[in-house]
1. Do we find a residue being modelled with pLDDT of 95 or more and touching a Pro at 6+ places or on another chain (Cβ under 8 Å) anywhere in segment 216-235?
2. Do we have Ala231 as closer than 22 Å to Gly18 by Cβ, assigned to a strand (DSSP E or B) and either not assigned by TED's automatic domain parsing to the domain that holds Ser19 or not basic (Lys, Arg) (or both) here?
3. Going by the structure shown, is Ala265 at pLDDT 95 or above, surrounded by 17 or more Cβ atoms within 10 Å (Cβ to Cβ), farther than 25 Å from Asn152 by Cβ and of a type in the set (A, V, I, L, M, F, W, C)?
4. Quick check on segment 1-18: of everything there that is touching a helix residue (DSSP H, G or I) at 6+ places or on another chain (Cβ under 8 Å) and in a loop (DSSP other than H, G, I, E, B), which residue is surrounded by the fewest Cβ atoms within 10 Å (Cβ to Cβ)?
5. State whether one or more residues within segment 46-54 are within 22 Å of Pro132 (Cα to Cα) and touching a residue at least 24 places away in the same chain (Cβ under 8 Å).
6. What's the number of the condition Arg93 fails, among (1) under 16 Å from Gly14 (Cβ atoms); (2) in contact (Cβ under 8 Å) with a residue 24 or more places away in the chain?
7. Would you be able to tell me the number of residues in segment 295-352 that are within 21 Å of Glu29 (Cα to Cα) and touching a Leu at 6+ places or on another chain (Cβ under 6 Å)?
8. Quick one: would you say Arg188 is modelled with pLDDT under 95 and either within 19 Å of Thr289 (Cα to Cα) or touching a helix residue (DSSP H, G or I) at 6+ places or on another chain (Cβ under 6 Å) (or both)?
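The values are calculated or read from the model by the stated rules, or taken from the named source; none is laboratory data. All of these numbers come straight from a predicted model, not from anything done at the bench. Ideal geometry is used to build each Cβ from the backbone, glycine not excepted, and the neighbour counts take in all protein chains shown.
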Amino acid sequence: MGAAERRPRLAMVGPLLGSRPGWVPNPAEVAGRLFEREGYTVRYTSAYPQRLLRLADMLRAILAWRREVDLYLLAVYSGPAFWMADLPSRLIRALGKKQVLILHGGNLPEFSRRYPDRVRRVLDRADAIVSPSGFLAHHFQGWGCPVEVIPNVLRVEDYPFCCRRQVQPNLIWMRTFEDIYNPGLAVRALAELCRSYPQARLTMAGQDRGELAATKALAERLGVGECVRFAGFLDARGKQEQFAAHDIYLNTNRVDNMPVSVLEAAAFGLPVVATRVGGIPFLLEDGQTGLLVPDDDAGAMTEAVRRLVEEPELAERLSTGGRRLAESCAWPEVRRRWEQLFSRLGWPAASG
């Protein structure tokens with residue numbers, strides 16, 4: 001049997017919207033393109049933003065590809081998005097095909113406590129379950145569900161590293177403007193910083209999902225409107241330019257799992273200050289790869305930034321440690337873990 005025949009033909013199933021302007025590629029899209037470079041056949045569904053259209057497209061594709069796909073990799077999220085995994089996983093099982101469920105989202109543990117029977121039915125259809133962080137693996141271990149940790153892949157070569165040592169309160173925040181990402185916390189921390197560091201500045205980048213106007217209004221109300229720049233959605237080139245121009249990354253989430261944006265900041269060498277929520281403590285080691293602060297605590301976030309400005313050794317340690325963390329998510333290691341899983345599912349890697 002040749003090497004190509006040993007590889008499963010893959011289908012990535014989930015909200016794969018990265019081909020649309022203004023949308024960030026899903027981790028499955030990034031991994032899929034890298035698998036293609038290795039000679040794998042990979043299909044993708046679906047790029048429809050509207051959930052019902054996306055669900056219909058996923059079901060159509062799963063059925064149409066039943067003779068052309070060996071293994072379906074299905075993204076599972078919480079909330080309304082969870083139901084988008086229910087019918088596809090049921091159809092894949094009915095077709096007698098193998099599937100790997102990839103768990104995402106810091107809210108999934110709480111969701112599973114609210115709907116344990118529904119979640120367990122979906123998980124029981126899997127031939128394997130994967131999570132990008134130890135947070136979800138730890139939660140579902142108590143269910144008797146073995147979850148393998150395979151991190152989201154990061155193309156570290158796309159993130160030129162610059163070690164930060166002498167940093168300024170030159171801050172960047174990059175998520176979508178919605179409540180779970182708590183953008184107002186970054187603004188409140190900036191307002192406190194400006195009392196001691198009048199030169200402090202904050203760039204906020206990302207799509208608006210309902211909180212952009214409120215965030216701008218908060219900046220004006222706190223008297224820091226001229227200190228905040230709203231950069232909109234950043235493409236790959238925009239990220240390189242903006243991260244190169246800043247010193248410290250703020251992650252203000254109320255809920256989180258394994259945020260790629262934090263890994264991106266770490267890859268660029270920015271020290272990270274992040275709220276200690278969800279999967280963040282499983283991703284960042286306080287004092288080594290980031291500084292962790294309580295949820296929604298502007299004072300603690302301000303103090304963490306002050307420490308980075310006044311303690312060059314700390315800033316340098318977080319900068320270099322963060323880069324090492326990002327490199328652990330590079331393609332060679334991620335590919336190795338996926339191919340070990342493929343081997344256990346019946347596709348042993350070719351020798352030599």
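1. Among the residues of segment 216-235, not one is modelled with pLDDT of 95 or more and touching a Pro at 6+ places or on another chain (Cβ under 8 Å), which makes the answer no.
2. On the way: closer than 22 Å to Gly18 by Cβ: yes; assigned to a strand (DSSP E or B): yes; either not assigned by TED's automatic domain parsing to the domain that holds Ser19 or not basic (Lys, Arg) (or both): yes.
Criteria met by Ala231.
3. Details: at pLDDT 95 or above: yes; surrounded by 17 or more Cβ atoms within 10 Å (Cβ to Cβ): yes; farther than 25 Å from Asn152 by Cβ: no; of a type in the set (A, V, I, L, M, F, W, C): yes.
It is false that Ala265 is at pLDDT 95 or above, surrounded by 17 or more Cβ atoms within 10 Å (Cβ to Cβ), farther than 25 Å from Asn152 by Cβ and of a type in the set (A, V, I, L, M, F, W, C).
4. To start, the set of residues in segment 1-18 that are touching a helix residue (DSSP H, G or I) at 6+ places or on another chain (Cβ under 8 Å) comprises 7-8, 10-16, 18.
This time we only want the ones that are in a loop (DSSP other than H, G, I, E, B), so: 7-8, 14-16, 18.
Values: Arg7: 20, Pro8: 20, Gly14: 25, Pro15: 21, Leu16: 23, Gly18: 16.
The residue in question is Gly18.
5. The answer is yes, given that some residue of segment 46-54 is within 22 Å of Pro132 (Cα to Cα) and touching a residue at least 24 places away in the same chain (Cβ under 8 Å).
6. Result: Arg93 fails condition (1) only.
7. Taking segment 295-352 and keeping what is within 21 Å of Glu29 (Cα to Cα), we get 326-342.
Now narrow it down to the ones that are touching a Leu at 6+ places or on another chain (Cβ under 6 Å): 326, 329, 331.
Counting residues in segment 295-352 that are within 21 Å of Glu29 (Cα to Cα) and touching a Leu at 6+ places or on another chain (Cβ under 6 Å) gives 3.
8. Working: modelled with pLDDT under 95: no; either within 19 Å of Thr289 (Cα to Cα) or touching a helix residue (DSSP H, G or I) at 6+ places or on another chain (Cβ under 6 Å) (or both): yes.
In short, no.
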